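Single-structure report; data block below.
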């Protein structure tokens, strides 16, 4: 599991006084990209981009401006050019949201789907504890 600290900004707060649901998507994107940049070899990071294909979000508890929040990223599997993640947003032990997402790996030059080398996939999907 990879832990990504989340910064909550005043503009993230909606008319109900908590973080707007749309902000969670930015957090997930930032966390997954940070995960990739930290676990993949630098040459693989330089050669690939990631784009989100699908997100399924379960909102469990509201998040507030003063909360200390972390996004925990788990790479579930890689199939071809697609990778599947679970991102859990937490405030301490409280789970605020769970996000299942599917991403597509792209070649940085052609911007076409690209498979990762086996040794990169093995590094990429191993938990980081």
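FYI, it's all coordinate maths here, none of it is from the lab. Just so it is clear, the model here is predicted, and its values are computed rather than measured. Neighbour counts run over all protein chains shown; Cβ positions are idealised from the backbone, glycine included.
For the reader, a short list of remarks on this structure follows.
- Taking the Cα atoms of the chain, the ratio Rg/Rh between the radius of gyration and the Kirkwood radius comes to 1.00.
- R0 of 30 Å, Cβ-Cβ distance residue 14-residue 91: FRET efficiency to nearest 0.05: 0.95
- Centre-to-centre, using Cα atoms only, the range 92-127 and the range 1-52 are separated by 12 Å.
- Cα long-axis angle, helix 23-39 against the chain (0 to 90 degrees, to the nearest 10): 40
- FRET efficiency, residue 58 to residue 110 (Cβ-Cβ, R0 35 Å, nearest 0.05): 0.50
- Residue-averaged [θ]222 nm for the chain, counting only DSSP H segments that reach four residues, each worth -39500 (n - 2.57): -7000 deg cm²/dmol
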